[in-house]
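Just so it is clear, none of the values below were taken in a lab; they were calculated from the coordinates. Because the structure is predicted, anything quoted here is derived from the model rather than measured. All Cβ positions, even for glycine, are placed from backbone atoms using ideal geometry, and neighbour counts span all protein chains on display.
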Amino acid sequence: MLSPSNPIPVYAQSDFAALHKAGALAAAILDRITPFVVPGVTTGQLDERIHRDILESRAIPATIGYRGYTKATCISVNHVVCHGIPGEKALVEGDIVNIDVTVIVDGWYGDTSRMYLVGEKIPAKSRKLVEVTYDAMMAGIEAVKPGATLGDIGHAIQNYAEGNRFSVVRDFCGHGIGRVFHSGQILHYGRPGTGTVLEQGMVFTIEPMINAGTWQVKVLNDGWTAVTRDRQPSAQFEHMVGVTETGVEIFTLSPAGYTKPPYSL
Ligand code: MF3
Ligand code: CO
Ligand code: CO
């Protein structure tokens with residue numbers, strides 16, 4: 001998400017349980033949609049199902065009403081980089097799809113996204129892109145600890161992605177989160193040792209968008225849908241993390257144990 005350059009929020013250790021609860025619900029919702037991400041389903045149907053799940057879980061969909069957005073999720077297929085608006089589009093065999101959900105639980109935001117593979121016959125490049133994007137996100141997360149810098153995170157992601165001959169999207173970034181949706185920017189590229197120094201209690205997302213071709217994107221006339229300029233595929237995963245005394249805690253781990261697809265039901 002492109003965010004204003006506010007500070008990254010810092011929370012007390014005693015707030016981490018609430019962050020965990022919000023993050024775990026968002027992750028559980030992504031777990032529960034998994035069996036429905038199949039050929040023929042429309043992105044609008046997936047969004048409606050998730051919207052219902054959020055309400056039945058007594059949470060609030062954070063994206064509805066956010067800067068005029070009207071859906072409970074963003075669903076981004078193939079060359080859509082992020083902020084795909086759910087609608088009439090039906091998924092087909094071979095698509096790679098990101099579903100991004102943000103919930104509010106007791107005033108705390110939980111934000112996570114994952115890739116899904118539609119059917120069995122996934123083009124080799126798309127499959128590799130999904131793998132590398134997940135591993136790039138995890139490389140960024142592994143760089144998180146007190147005393148490290150935001151540049152260390154960005155570098156770890158960029159180094160991994162570019163080492164696999166993919167590119168890192170520049171126009172959107174991770175963000176501080178907690179009692180607010182977006183505060184501060186977490187770039188997914190950078191130089192080691194540069195930028196803000198991480199301190200215990202900082203809470204933010206790491207959500208790299210990695211492209212098979214050029215990193216350049218454009219936003220469609222709907223004002224939201226970001227697509228790759230060369231129409232090659234793009235992938236994204238998003239976790240929400242907190243800086244602990246010694247390292248990092250991931251708030252959005254999948255309760256079902258899903259990491260990268262294919263997910264075993
Ligand atoms: N969940 C997205 C993020 O990771 C934000 C989506 S805002 C929306 O920051 F309005 F597009 F839904
Ligand atoms: Co986010
Ligand atoms: Co998100």
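Per-structure values
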item	result
In order through region 122-132: 3J(HN,Hα) via Karplus (6.51 cos²θ - 1.76 cosθ + 1.60), integer Hz, x for Gly, Pro	9, x, 4, 5, 5, 4, 5, 4, 5, 4, 5
Length added when fully stretched, Arg231-Arg179, from 0.36 nm per residue minus Cα-Cα	15.1 nm
Cα Rg, Dmax (largest Cα-Cα span) when computed across region 30-186, Å	16.3, 48
Neighbour net charge for Gly247 - beta-carbon separation under 11 angstrom, K R +1, D E -1	-2
Ala17-Glu56 FRET efficiency (beta carbon distance; Förster radius 22 Å; 0.05 resolution)	0.45
Residues whose placed amide H lies under 5 Å from that of Val248, excluding near-sequence neighbours	none
Centroid-to-centroid separation of region 94-151 and region 217-240 [C-alpha atoms, Å]	14 Å
Candidates Val203, Val180, Val241, ranked by Gaussian network fluctuation over the chain, Cα under 10 Å, top entry	Val180
For region 13-248: relative contact order, % (alpha-carbon pairs under 8 angstrom, 6 or more apart)	21 percent
Along principal axes, Cα extents of region 1-102, largest first, whole Å	45, 30, 24
Modelled FRET efficiency - R0 35 Å, Phe36 with Glu131, Cβ distances, 0.05 increments	0.95
J(HN,Hα) series, region 249-265, from Karplus relation 6.51 cos²θ - 1.76 cosθ + 1.60, nearest Hz, glycine and proline x	10, 9, 8, 10, 4, 5, x, 7, x, 6, 10, 10, x, x, 8, 8, 6
Choice from Ser14, Ser126, Ser57 with maximal GNM fluctuation in the chain (Cα, 10 Å cutoff)	Ser14
Cβ-defined net charge surrounding Thr70, 13 Å radius [Lys, Arg +1; Asp, Glu -1]	-1
Estimated dipole of region 13-248 in Debye, rounded to 20 [Cβ of Lys and Arg +1, of Asp and Glu -1, Cα centre]	420 debye
Gaussian network model of the chain, springs between alpha carbon atoms under 10 Å - residue of Gly151, Gly176, Gly195 with greatest fluctuation	Gly195
Charge tally in the Cβ shell below 10 Å around Thr102, where Lys, Arg are +1 and Asp, Glu are -1, Thr102 excluded	-3
Percent of beta bridges antiparallel (DSSP, region 13-248, rounded to nearest 5)	100 percent
Using a Förster distance of 30 Å, the FRET efficiency for Ala124-Asn221 (Cβ separation, nearest 0.05)	0.40
Under the Karplus curve 6.51 cos²θ - 1.76 cosθ + 1.60, θ = phi - 60°, whole-Hz ³J(HN,Hα) for region 215-226, x wherever Gly or Pro sits	6, 6, 10, 9, 9, 5, 5, 6, x, 10, 4, 9
Scaled radius of gyration (Cα, divided by 2.2 N^0.38 Å) that the chain gives	0.92
Extension gain from Val10 to Arg191, taking 0.36 nm per residue of separation minus the Cα-Cα distance	62.8 nm
